[in-house]
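Here is the structure we will look at.
Throughout, read-outs are computed from the coordinates displayed, never taken from laboratory work. Note that the structure is a prediction, hence the values are computed from the model and not measured. Please note: Cβ atoms are built from the backbone with ideal geometry, for glycine as well, and neighbour counts cover all protein chains shown.
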Amino acid sequence: MKQNSPHIINETDNPEAIVRSLGVAAKNAANMIAQASTDQINQTLKDLAQALSAGADDIMAANKKDVAAAQDKNLTPALIDRLTLTPDRIKSIAQSVLDIAGLDDPVGIVLETFDRPNGLKIEKISVPIGVLGMIYESRPNVTIDAAALCLKSHNAVILRGGSESFHSSRALHQIVQQVLKNNNLPEASVSMVPSTDRAIVGAMLKAGDYIDVMIPRGGKGLTGRVMDEAKMPVFAHLDGNCHIFVHDSVKPDLAVEVIKNAKLRRTGICGAAESLLFDQNLDTDIAKQIVTTLLDQDCAVVGDAQAQKLDARITPATEEDWSTEYLDKKISLKYVAGVDEAIDHINAYGSHHTDAILAEETNAVQEFQKRVDSAIVMHNTSTQFADGGEFGFGAEIGIGTGKLHARGPVGVRQLTTFKYLVKGDGQLRP
C-alpha cells in the first residue's frame with residue numbers, strides 16, 4: 001500500500017484550520033486503511049504492542065510530568081489514579097493490543113443475504129464507518145485503545161486528549177505514528193490534535209464534513225457539550241452511576257464480596273458501584289455486614305433514614321446523592337420495597353450504564369434484567385466487569401449508554417456499519 005505523505009500542521013493556525021487539515025488527511029487515510037489487508041493490520045498491531053513494551057521508560061517519564069502537574073493542581077485521587085501509568089498498566093495496555101490483533105476482522109462479514117422474487121440477490125456486509133473523532137479526558141490509555149480498535153476496524157481516528165494527559169498521550173501517539181510508518185500505513189490513520197486549546201473541541205464538533213462519528217469519553221460536562229454541539233452522530237458515554245440491588249434471597253458471603261469489589265477495587269472507573277439498594281426484607285445482619293465492610297475500609301456511606309440505623313457512621317443522603325457518580329470512596333444506600341421499586345429507582349436515577357442484582361430468586365432476577373433500562377444488566381457479579389476487555393473485545397473505546405447502534409462496551413464490531421450489495425441480471429422496475 002502506498003503511504004500518503006505525513007500531514008504538516010502549524011500549531012499557530014486557528015482551530016478551524018487545524019481541524020480542517022487533520023480532517024482532510026484523515027479522510028484520505030480512511031480510504032486507504034479500508035483497503036488494508038487483515039494480515040497488514042494485525043502485524044501493525046503486534047508491532048505496536050512490542051513498541052509499547054520497548055518504550056515503557058519513555059512513556060513513564062512523560063506520564064510523570066502529567067501526574068506531577070495534576071498533583072500541583074490538587075486534582076482528586078480518583079482522577080490522578082485514572083491518569084497514572086505504571087509498568088503493569090503499560091504491560092496491560094500492550095496485552096490489550098495483542099488481544100485486539102487476535103480478534104476476527106470485523107469488516108467484510110456477510111451479515112444477511114436474501115433473494116427477491118424478481119431475481120435480485122441482496123447481501124448486507126459490514127464496512128468501516130470512516131473517520132472517528134475521539135475527545136477524552138485524563139486517561140492516556142485511551143490513546144492506545146482508540147488507535148488499536150480503529151485500526152482493527154479499518155477506520156481512521158482523530159484524537160483530542162485532555163490537557164491533564166497531554167505529555168503521556170503525545171508520547172503514546174508518537175509510538176503509534178512510528179509503527180504506522182514502519183508498516184507502510186498512512187500516519188494520518190491515527191492523528192492527534194497538537195494543542196490543548198479548548199477551542200479545537202468546538203471546531204471538531206462542527207467538522208461533520210470530515211468526521212463521521214464523534215465519541216466523547218469523560219465527565220458529564222464533556223459529554224453534554226458534545227451531544228449538544230456535535231454536527232455528526234455521537235456514541236454517547238455518560239457517567240457511570242452504577243447500582244447494585246441486594247434482594248432478600250441473596251447469599252450473604254456473595255453479597256459482601258461482590259459489593260466490596262464493585263465499589264473498592266478501583267473507585268475511579270465508570271464501572272464502579274455508586275449506589276446500593278437494599279430490599280426492605282433483607283436480613284438486618286447481612287445489611288450490617290455489607291455496610292461495616294465498606295465503612296471499615298474508609299468508604300463513606302450516605303443513606304436514607306432506615307439505612308442510617310445500621311451504623312452510626314452512615315450520614316444522611318440528599319436527593320442529589322441518588323444520581324451522583326462519586327468516583328471515590330463513597331456510596332449511597334437506600335431501602336426499597338422489593339424488585340419493582342428497585343427497578344423504578346434505577347430507571348429514574350441511573351445513567352443507563354451498568355446495574356446489578358444480587359439474588360437467588362429466579363423471578364426477581366428475570367424481572368430485574370428484563371425491565372432495567374441500562375446497557376449492561378448483571379446478576380450476582382461485580383459491576384467492574386463492565387469493560388470491553390472483560391467482555392472479550394480486547395479493549396473498548398467507551399461504554400455506549402445511548403439506544404442506537406453501539407450500546408455497552410464499544411469494541412471493533414461496534415465501530416463498523418454496513419452496506420447492501422445488490423446483484424441483478426438486467427431487472428427493470430415496473
Seminar exercise, completed: Here, residue 53 and residue 340, labelled 7 Å along Cα→Cβ, have an inter-label distance in nm of 5.7
Exercise. What FRET efficiency comes out for the pair residue 253/residue 371, r = Cβ-Cβ distance, R0 = 30 Å, nearest 0.05?
Worked result: 0.65
Problem set entry | Label point distance in nm, residue 34-residue 283, each placed 7 Å from Cα along Cα→Cβ | 6.1
Seminar exercise, completed: So the FRET efficiency between residue 95 and residue 309, C-beta based with R0 = 51 Å and rounded to 0.05, is 0.65
For this session: For residue 69 and residue 111, compute 0.36 nm times the residue count separating them, minus their Cα-Cα distance, and round to one decimal in nm.
Result: 10.3 nm
For this session: Report the full-extension gain for the segment residue 43 to residue 265: residue separation times 0.36 nm, less the Cα-Cα distance, to one decimal in nm.
Result: 76.5 nm
Problem set entry | Cα-derived Rg to Rh of region 157-239, Kirkwood definition | 0.99
Seminar exercise, completed: Burial-style ranking of 108-115, 78-85, average other-beta-carbon count within 10 Å with highest first, yields 78-85, 108-115
For this session: Starting from the amide H of residue 234, placed 1.01 Å from N in the peptide plane, find each other amide H under 5 Å away whose residue is 5 or more places distant or on another chain.
Result: 214
For this session: Using a Gaussian network model of the chain whose springs link C-alpha atoms within less than 10 Å, name the residue from 106, 216, 87 with the highest mean-square fluctuation.
Result: 87
Seminar exercise, completed: If R0 = 25 Å, then residue 197 and residue 61, at their Cβ-Cβ distance, give a FRET efficiency to the nearest 0.05 of 0.50
For this session: May I ask what percent, to the nearest 5, of DSSP beta bridges between residues of the chain are antiparallel?
Result: 30
Exercise. When 270, 299, 242 are ordered from fewest to most other Cβ atoms inside 10 Å of their Cβ, what list results?
Worked result: 299, 270, 242
Exercise. Restricting to lysine pairs 8 or more places apart or on different chains, what number in region 242-385 have Cα atoms under 28 Å apart?
Worked result: 28
Exercise. In whole angstrom, how far apart do the alpha carbon centroids of region 167-243 and region 406-430 sit?
Worked result: 26
Exercise. Highest GNM mean-square fluctuation, the chain, Cα pairs closer than 10 Å: which of 125, 175, 376?
Worked result: 125
Problem set entry | Order of 418, 385 - criterion: other Cβ atoms within 10 Å of each residue's Cβ, fewest first | 418, 385
Exercise. How would you rank 144, 129, going from fewest to most other Cβ atoms within 10 Å of each one's own Cβ?
Worked result: 129, 144
Seminar exercise, completed: Taking a ≥ b ≥ c as the square roots of the eigenvalues of the Cα gyration tensor, with a/c under 1.5 meaning rounded and otherwise prolate when a/b exceeds b/c and oblate if not, region 244-325 is rounded
Exercise. To the nearest 10 degrees, how steep is helix 284-296 against the longest Cα principal axis of the chain, on a 0 to 90 scale?
Worked result: 60
Problem set entry | Sorted largest first, extent of region 242-385 alpha carbons per principal axis (Å) | 35, 30, 27
Problem set entry | Mean Cβ count within 10 Å, highest first, over the residues of peptides 363-369, 46-52, 258-264 | 258-264, 46-52, 363-369
Problem set entry | Segment residue 206-residue 362, length gained on full extension (0.36 nm per residue, minus Cα span) | 51.3 nm
Exercise. If you work out Cα Rg over 2.2 N^0.38 Å from the coordinates, which of (i) 1.27; (ii) 1.07; (iii) 1.14 do you get?
Worked result: (ii)
